[in-house]
Each structure stands twice: as C-alpha cells, then as structure tokens.
Amino acid sequence: MSALASLTRKPWIWSFVAAGLVWLVTVLFTGGASALGLTLAALTFSSFAIIVGTGQMLVITLGPGNIDLSVPATMTLAGTLALKFMAVDNSLILPGLLVAIAIGLAVGSVNYGLIKLLRIPPIIATLCMSFIVQSTAIWSNRGLRIKPPPALAEFATSGPFGIANVALVALLITIIAWIFLERSIYGRWITSIGQSMAAARMAGVPVDGARFLTYVICAVLASIAGYLLASFSGGAALNMGAEYLLMSIAVVVIGGTSVAGGFSNVPGIWGASLFMFLVVSMLNTYGLGAGFRMIMTGIIIIAVILLASRRNTSLT
C-alpha cells in the first residue's frame, strides 16, 4: 500500500494514467478492433513530440521566462536543408544528419547570443530567431517538397515488432537526457539555476555556460526531430514543424516539469506525448475537428498548471 502511495506521488505517473484512460475509451468506442494499431501509432507519432519536448524541458528547467519558441522553425530548416543536401542519395544520409545537427548548433548559439549579449528576454529572442529561421527555410525550399533518400525513409517508417525506429531513437534520446539530468554535473547545474540563478552563481556554477549549452541542446534536438520527421513523412514541407510549438510546451507541462523551473521530469515527457496523441485520436474517432482539439489542448494545459500550483502551495 505504501508503495502505491509513493507511486501516486510521482508527478509523471498521472500523464501515463491519463494516456491509459484515453486509450481505453478510444478502444472501447471502436469495439477493441484498433487496440494494437492505436498503440503502435501512438508510440510512433508521439516520438517527434518526445524529442522536441525533451529539449524544451531542459530550457524550461532553467527557470521562469526560459522557453524556446524557435523549435518549429528549426525543425523545418533542418529537415529542408538536410534533405536538400542529401538529394535522395543514400550515401549522404550520415552527412545529412550532420548538416541538421550543425543547423541546430548555429540556431542554439544565436539564440543564447541574443539572450546574453543583447539582454533580450528568451521568449522574445527565440521568437525573433524563429522568424529568421523560417524565412531562411522558405527561401531555400521555394515551395518544393524535398524527398528523403529511400534508405532513410525506410529506416524512419519501419522497425521491430511494428514499432517505427523513430520511437527507438526517441527512447535513446530520453535515456541519455535522464542520465545527464540525474547522473551528471550538468543536471545539477541547470536544476540549481532554475531554483535560483543568483544562488547558483554564488555556488560557483558556470551559469552562462550551462544556459548556453541548454539552448544549443534544445535546438539540436529540434533539428534531429525535423530530420526524422521529414524522412518519416516522405519529404520536407514548410509547415512541418508548426504543430510542435504548442506541443513541445504542452508535453513538458503535462508531463510534470515545473513551469517555475528547477525541476525536470523525463518520464513525464513520454506519458504526456502519448496522452496528447491519444486525445487527438479520440477526438478524431468522435468526428471532432482541429479547432475543438486546440481548445481541449488549451484547457488541459490550464488545468495541469492549476493543479500543479495547488500542489506546490499545499507543500509549502
């Protein structure tokens, strides 16, 4: 009984509970016929939100006001330029990935440069950067749908036991992120910065270096997600990252990461991403449109923030 009580106090458990309930409702509505297909689809399509959500989680852990609004544009530019560079050539798959990572390194570096050197608030700095990055993607794409190399498309859409390889990549990324947060000095740095930047400086934490690295990691993960999404969907499109602005923030909040900073939650990213996909699937099953889905997403985020704030108040 005490083990169950301890488990229910874990902030990430409720995102999995919510995902399970939505899965059950959807399966019951379809008579159970879609149980396996829905599970595999949830694991596959949630992968991209998990990857970008992991990066956004690290940024939000830095404390209030830290958020990266350039994630969708970075995904689009990385996917577009990487696929354009590969030119449907299987031999250029790895160099194409390096191109995408280089774009993430550049975007993340400029993001923090605007924040630190020009003293622009992170929200404004990353929003401005998103306009520049998206405009670059539009200029380089010119309205064309650039296709991935066949071997890369096969890798992205296939995998063992019906689970696409992109889900395994997302799992690997989150395991690495968990190790960094829980077992490395970097994790202690960003947690202490999120709890109190002034205290972290006094304790000798390299605040600027840790924040710079965090924004770079977020942009690199967005680039990797864009690279995989473009390969999975059969080509890079100018709107491919649009839905991941709200999604990358929603999965962090719903997953149990503190919006006030100083606390991150890697398992919750998985539960929240699965939950968000399953909510969309349930609404589609009931024939409800995208507008209602966005309203429900906003209501869910507000409810989670209110519940989190009440829990924090009760603990103080």
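The values are calculated or read from the model by the stated rules, or taken from the named source; none is laboratory data. Computed from a prediction, not measured in an experiment: that's the story for all the values here. A quick note on method: Cβ atoms are made from the backbone with ideal geometry, for glycine too, and the neighbour counts reach across all protein chains shown.
Filtering the range 144-156 down to residues that are modelled with pLDDT of 90 or more and not in a helix (DSSP H, G or I), which residue is surrounded by the most Cβ atoms within 10 Å (Cβ to Cβ)? The extreme case among them is Pro148.
The set of residues in the range 18-36 being surrounded by 12 or more Cβ atoms within 10 Å (Cβ to Cβ), in a helix (DSSP H, G or I) and modelled with pLDDT under 85 consists of Ala18, Ala19, Val22, Val25, Thr26, Val27, Phe29, Ala35.
Of the residues screened, Thr44 is not one that is closer than 23 Å to Phe180 by Cα, crowded, with 21+ Cβ neighbours inside 10 Å and modelled with pLDDT of 90 or more.
All of Ile146, Ile138 fail the test of being closer than 30 Å to Leu43 by Cα and among the hydrophobic types (A, V, I, L, M, F, W, C), apart from Ile146. Among the residues of the range 44-55, is there at least one that is touching a helix residue (DSSP H, G or I) at 6+ places or on another chain (Cβ under 8 Å), without any contact (Cβ under 8 Å) to a residue 24 or more places away in the chain, of a type outside the set (Phe, Trp, Tyr) and more than 27 Å from Pro122 (Cα to Cα)? Scanning the range 44-55 turns up no residue that is touching a helix residue (DSSP H, G or I) at 6+ places or on another chain (Cβ under 8 Å), without any contact (Cβ under 8 Å) to a residue 24 or more places away in the chain, of a type outside the set (Phe, Trp, Tyr) and more than 27 Å from Pro122 (Cα to Cα). If you go through the range 72-85 and keep only what is surrounded by 24 or more Cβ atoms within 10 Å (Cβ to Cβ) and out of contact with any Lys or Arg (no Cβ under 9 Å at 6 or more places or on another chain), you end up with Pro72, Ala73, Thr74, Met75, Thr76, Leu77, Ala78, Gly79, Thr80, Leu81, Ala82.
Kindly indicate whether Ser264 is modelled with pLDDT under 85 and more than 25 Å from Asn165 (Cα to Cα). Criteria not met by Ser264. In the range 147-191, of all residues being touching a residue at least 60 places away in the same chain (Cβ under 8 Å) and of a type in the set (S, T, N, Q), the one that is farthest from Ile217 (Cα to Cα) corresponds to Thr157. Condition check: closer than 21 Å to Ser233 by Cβ and either part of a helix (DSSP H, G or I) or out of contact with any Ser or Thr (no Cβ under 7 Å at 6 or more places or on another chain) (or both). Does Ile179 satisfy that? Taking the combined requirement at face value, the residue does not satisfy it.
Only one of (1) over 17 Å from Leu228 (Cβ atoms); (2) surrounded by 17 or more Cβ atoms within 10 Å (Cβ to Cβ) is not met by Ile103, so which one is it? The one condition Ile103 does not meet is (1). Within the range 97-122, the set of residues being in contact (Cβ under 8 Å) with a residue 40 or more places away in the chain, in contact with a Ser or Thr (Cβ under 9 Å, 6 or more places away or on another chain) and farther than 11 Å from Ser223 by Cα comprises Asn111, Tyr112, Ile115. Go through Asn111, Asn141 for me and flag whichever is surrounded by 20 or more Cβ atoms within 10 Å (Cβ to Cβ) and modelled with pLDDT under 90. Residue meeting the stated conditions: Asn141.
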